[in-house]
């Protein structure tokens, strides 16, 4: 509620009512101070509505999915602006700088790479050399050319912005060095380490106990069932989120089924929920609401997606926003 300047005109009445012991002029000075403080408070920048934390989690795959050049600051800014949690893929240059870059080589995303450069990767170049490359070539129509960013620069724009969270998909990096960098920038509670390897998750939780983890898994239903059963026996140690990859199975009349099966996915949800573990799914390539709505009905609570512009309106509607 805004401060009412008319309060100043009622000081005599308030003073008599409370038998205020100080002179009237002191009350006027005090009230003027309150008015100034209220005005200052309303001028403090607030989190934008777009970046307000929603009551659900949508992971923007590789930053902002297909909407921006992957693993760039532009993609992360867009992902946060949509209300999602972007994902960064983590690699290390030859001189030890940790960066956001997905592929093992430069063939797919670097503009104008010659045949020799296409065969190289982040680990083969210094950060200075990497910084000169232009990325964003992965889109058929071509994204605006961008440059690779260090994780230090990315963490810097997250610091003191708790609404800005980030998935860290481990590709090639020293976990102690990455954890130290997160601590240095005071973003440890904002990062979610993502790995398919349990030993990586366990090591990370010893380094940053207050951070979250996502254990992702894909493959056949049989292999997924075995992995879930093994985790049930051990109590899902150090895992706060589980992500299962889903693919639509195309029949002669269109998309007719999903893999793994609906029955399997429906059985996983209660197991995770009773342990307080978030159930996330990545439906590969899904760019229409239908598959996401279907997965919500099966108990999936969260999504990773290349199409956050499709998923966010659906999730807001699902949660009554």
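Since every read-out is calculated from the coordinates, none of them should be taken as a lab result. Not measured: the values here are computed from a predicted model. Cβ placement follows ideal geometry from the backbone for every residue including glycine, while neighbour counts extend to all protein chains displayed.
Here are some notes:
- Euclidean distance of C-alpha centroids, segment 260-283 and segment 76-111, integer Å: 28 Å
- Size descriptors for segment 132-182, from the alpha-carbon set: Rg then Dmax equal 13.8, 39 Å.
- For segment 182-321, convex hull of alpha carbons as volume per residue, Å³: 127 Å³
- Orientation-averaged projected area, Cα convex hull of segment 260-300 (nm²): 2.8 nm²
- DSSP beta bridges in segment 58-318 [antiparallel fraction, %, rounded to 5]: 30 percent
- For segment 82-162, the alpha carbon convex hull comes to 106 Å³ per residue, rounded to a whole number.
- Along principal axes, Cα extents of segment 58-318, largest first, whole Å: 50, 45, 33
- Burial order of peptide ranges 210-216, 295-301 (average beta-carbon count within 10 Å, highest first): 210-216, 295-301
- Linear extension gain, residue 177 paired with residue 111, 0.36 nm per residue minus alpha-carbon span: 20.8 nm
- Each 5 Å bin from 0 upward holds the following percent of the Cα-Cα pairs of segment 176-238: 4, 17, 26, 21, 13, 9, 7, 3, 0.
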